[in-house]
Amino acid sequence: MQATDLLSAAAPAIQWYPGHIAKAEKSLAASLEKVDLVIEVRDARIPLATGHPRLQRWIRGKQHLLVLNRVDMISPEARQAWTAWFRAHDLVVWWCDAKAGTGVKQLQQAAIRAGDALNARRAGRGMKPRPVRALMLGFPNVGKSALINRLVRQKVVQSARRAGVTRSLRWVRLGQDLDLLDAPGVLPPRLDDQLAALRLALCDDIGQAAYDGEAVALAFVTLLAGLEPQAAAGVPVGLLEKRYGVPVPALPTATAGPGTAPDAAAWLAAAAARHTSGDTARMAQRLLDEFRKGVLGAIALELPVAGTGATNARPAVPPSSPPLPHP
Ligand SMILES: Nc1nc2c(ncn2[C@@H]2O[C@H](COP(=O)(O)OP(=O)(O)OP(=O)(O)O)[C@@H](O)[C@H]2O)c(=O)[nH]1
Ligand SMILES: [Mg+2]
């Protein structure tokens, strides 16, 4: 059974467009006029859900580099599957782990190459060379600021484990060649796909005030069951039982239809009885925290499905990036 089938009835209601995001998007328009290059940052666990529907409009006429950050949080198989999928959509992907610094050097070189191309054009028009101006663009909490800190090798901008940390624009110079603009995360004003909204909530890209943590945790239990048969997702059989000592019961088949669906509510109640004195809200929070911290292992919440998701994948202009960096 697909995760989407399991979730169709279980998706919690998620409202996610706080005022500061609307403000961020307004100032983004002005910033875009000042930059040559857009470094788009997505979360490797959810590369499609963190693709913004307005991206093509924003990068029109600019160079574009696509970063899949948090590569340490997915399996090598998931990484390979996504590399092939993006390549099939004519996109080069820059894999990074902004926490450990993996892939950051290659990203810097790619940005500098983009600047070289810009300055060659400027020289042709008799203009002096200048550093390439790059905007870090992406959903909240994907690691834009962490990437900037890694690129400049010091903590110049604030970066923390929640959505909405960066509230204002901030230019950071990297050597002679690169000016980086850190920006607040942006979210689409509406998102009709509730499964994508759930994935964003799970990865903490949406402020916690926007949803009911318990409902999201229940949907997560169901989502894990849907991912378990797909080896690349990195969900070992019996993951929740191994971690919390409570097996996930199945719903009676009559209500579940074909395949077995987990009884997420029964599991949460049993896990809460064991770990949080019966407090299901606290148990839900613990489950979400542990997933977000990577305690449950490297789990890819999205895997590519042939012929899907192209809208969010493809930029308006062909990428000018060099060949793929290898792990
Ligand atoms: N494991 C892991 N953690 C990361 C990675 N990149 C960033 N983080 C962590 O994720 C959290 C969020 O990072 P930020 O850099 O604040 O994210 P942001 O995109 O700037 O978020 P906003 O400013 O809210 O839009 C921080 O705690 C980082 O340490 C990564 O590649 N791997
Ligand atoms: Mg930030």
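The values are calculated or read from the model by the stated rules, or taken from the named source; none is laboratory data. Remember, predicted model here, so these are calculated numbers, not experimental data. When we count neighbours, we look across all protein chains shown, and the Cβ atoms used for this are built from the backbone with ideal geometry, even at glycine. For the accessible areas, the whole protein counts, side chains as well, though only heavy atoms, and no ligand, DNA or RNA atoms are used. Shrake-Rupley method; radii C 1.70, N 1.55, O 1.52, S 1.80 Å.
Things worth noting here:
- This model, with +1 at the C-beta of Lys and Arg and -1 at the C-beta of Asp and Glu, gives segment 132-290 a dipole about its Cα centre of some 780 debye.
- Overall, the accessible surface of the chain at a probe of 1.4 angstrom is composed of carbon and sulfur to the extent of 53 percent.
- When the pairs Lys105/Lys128; Lys99/Lys293; Lys99/Lys242; Lys26/Lys99; Lys99/Lys144 are compared against a 18 Å limit on Cα-Cα distance, Lys105/Lys128; Lys99/Lys242; Lys26/Lys99 fall above it.
- Note on Val295/Arg173: beta-carbon distance plugged into 1/(1 + (r/R0)^6) with R0 of 30 Å gives a FRET efficiency of 0.20.
- For the residues Ala100, Ala196, Ala271, a GNM of the chain with alpha-carbon springs under 10 Å puts the largest fluctuation on Ala100.
- The modelled label-to-label distance for the pair Ala123/Ala250, using points 7 Å beyond Cα in the direction of Cβ, is 6.8 nm.
- Looking at segment 89-174, the pairs of alpha carbons with a distance over 22 Å make up 34% of the total.
- Summed over the residues of the chain and divided among them, the accessible surface reaches 45 Å² per residue at a probe radius of 1.4 Å.
- Share, in percent, of DSSP beta bridges within the chain that are antiparallel, nearest 5: 25
- Extension gain from Gln158 to Ala265, taking 0.36 nm per residue of separation minus the Cα-Cα distance: 34.8 nm
- Electrostatic tally near Glu40: other residues with Cβ closer than 11 Å to its Cβ, Lys and Arg +1, Asp and Glu -1, net +3.
- Normalised by the number of residues in the chain, the mean separation of alpha-carbon contacts (under 8 Å, six or more apart) gives a relative contact order of 27 percent.
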